[in-house]
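The values are calculated or read from the model by the stated rules, or taken from the named source; none is laboratory data. Note that the structure is a prediction, hence the values are computed from the model and not measured. Cβ placement follows ideal geometry from the backbone for every residue including glycine, while neighbour counts extend to all protein chains displayed.
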Amino acid sequence: MAIELNSDIAIDYIREDFIQQKNIRLGLLRLDKIHPVISGNKWFKLRENIRAAQASKCTSLLTFGGAYSNHLVATAAAARAMDMTSTGMVRGLHARDHLTPTLEACLDMGMALHFVNREEYGRKDDADYLHALSLKFPAAYVIPEGGNNRYGIAGATAIAAFLPATVSHVAVAIGTGTTFAGIRKGLPNTVNMIGFPVMKGGGYLGDHISSLCETENWTLNCDFHFGGFAKHQPALISFMNDFYKAHQIPLDFVYTAKMMYGIYELIKKGAFPEGSEIIGVHTGGLQGNASVSSFLCY
Ligand SMILES: *Cc1c(COP(=O)(O)O)cnc(C)c1O
């Protein structure tokens, strides 16, 4: 079995007077269109992991995530499409009492959910914990939270091939930094990369990303977290609605809206030289908007 993906992935260029006046081109790489559930960067991070699972004859995928995790639901969908079973280790026992739309979707796609307390969840990368899990789930191939391993990075490297040779700056919203590091590896050193961590105090990711990237031509901008991971503020929501009305492109409030807001602010501040071609990567994640849908016009 294979996963049917939309191969028609294009860049939408954003027309706004304040951008044109600075002689800048701004585009969005629409990875969100690649698949309705396994959207955006998640497919890229899963691809090589699934290959590794098959190579080691595993018939199941096991991974970790919170109650709103795009990675969890993408893993559930990918496993089902590949005729594999899947298990989700969900952070927090309370998540069991009020299933989010994300977790409902995981269950609908056949994922078995195991709710673990925060202490146990915190051991998700410990070798002895992973060994115990492999005994409990012998058929399972374990993918770390967010697909954050060398296969995830290798898969994300392929995103670079969708970017035009004329690009000068590439922007990516950052959770674990796996996607950012993968794209960095796939691009020529002459291209600048800017990452927008979506959690408060995301600067700590710098060391992790440095250890993954061979080049220095990247920066993190930690100014657009809007209160923290999966937090939002009225300014972010109205930006999403205005952006949709002007360009008919939906953004998600956890990741891509914060990145686009940040790009707009930096363009206004004159942070990019004239003649720049900036491409933001639309990493998908639109299913996460279910929890804010009453605020959105789309
Ligand atoms: C998961 C996710 C990210 C973050 O990807 P990382 O590789 O963990 O940094 C960015 N955007 C969206 C929409 C996501 O779902």
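Odds and ends about this structure:
- The condition of being surrounded by fewer than 18 Cβ atoms within 10 Å (Cβ to Cβ) and closer than 23 Å to T157 by Cα holds for only one of R51, R47, R123, that being R51.
- Count - residues of the range 156-172 that are small (G, A, S), in contact (Cβ under 8 Å) with a residue 12 or more places away in the chain, more than 10 Å from the ligand (Cβ to nearest atom) and not in a strand (DSSP E or B): 4
- Of the criteria (1) more than 19 Å from the chain's Cα centre (by Cα); (2) in a helix (DSSP H, G or I); (3) more than 29 Å from K57 (Cβ to Cβ), which one S134 fails: (3)
- Looking only at the range 246-275, residues that are part of a helix (DSSP H, G or I) and more than 15 Å from the chain's Cα centre (by Cα) come to 10 in all.
- Residue list for the range 257-283, restricted to those being basic (K, R) and within 20 Å of Y298 (Cβ to Cβ): K258
- Top-ranked residue of the range 13-34 - restricted to ones that are acidic (D, E) and surrounded by fewer than 17 Cβ atoms within 10 Å (Cβ to Cβ), ranked as farthest from the chain's Cα centre (by Cα): D17
- Residue check for P250: over 24 Å from L72 (Cα atoms) and surrounded by fewer than 21 Cβ atoms within 10 Å (Cβ to Cβ): no
- Each residue in the range 203-221 was checked for being touching a Phe, Trp or Tyr at 6+ places or on another chain (Cβ under 8 Å) and of a type outside the set (A, V, I, L, M), and 2 pass.
- The condition of being at pLDDT below 95, touching a Leu at 6+ places or on another chain (Cβ under 7 Å), surrounded by fewer than 23 Cβ atoms within 10 Å (Cβ to Cβ) and at negative phi does not hold for I3.
- Cβ separations smaller than 7 Å between residues 6+ apart or across chains give the following pairs from the range 8-21 residues that are within 14 Å of F243 (Cα to Cα) to residues that are assigned to a loop (DSSP other than H, G, I, E, B): D12/I249.
- Flag for V37 being within 13 Å of the ligand (Cβ to nearest atom) and crowded, with 24+ Cβ neighbours inside 10 Å: no
This table checks each residue for (1) near the ligand (Cβ under 10 Å from one of its atoms); (2) free of Cβ contacts under 8 Å to residues at least 60 places away in the same chain.
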{"residue": "Y244", "(1), (2)": "no, yes"}
{"residue": "I267", "(1), (2)": "no, no"}
{"residue": "G270", "(1), (2)": "no, no"}
{"residue": "E277", "(1), (2)": "no, no"}
{"residue": "T283", "(1), (2)": "yes, no"}
{"residue": "L286", "(1), (2)": "yes, no"}
{"residue": "S291", "(1), (2)": "no, no"}
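- Residues that are near the ligand (Cβ under 7 Å from one of its atoms) and outside any loop (DSSP other than H, G, I, E, B) were ranked within the range 173-203; the one that is surrounded by the fewest Cβ atoms within 10 Å (Cβ to Cβ) is I174.
- Exactly one residue out of Y264, Y298 is modelled with pLDDT of 95 or more, among the aromatic types (F, W, Y) and either within 27 Å of A160 (Cα to Cα) or surrounded by 24 or more Cβ atoms within 10 Å (Cβ to Cβ) (or both), and it is Y264.
- Only listed residue being within 15 Å of the ligand (Cβ to nearest atom), more than 24 Å from I183 (Cβ to Cβ) and in contact (Cβ under 8 Å) with a residue 12 or more places away in the chain, chosen from A74, A105, A112: A105
- Hey, F224 touching a helix residue (DSSP H, G or I) at 6+ places or on another chain (Cβ under 7 Å), surrounded by 13 or more Cβ atoms within 10 Å (Cβ to Cβ), more than 22 Å from G152 (Cβ to Cβ) and touching a residue at least 40 places away in the same chain (Cβ under 8 Å) or not: yes
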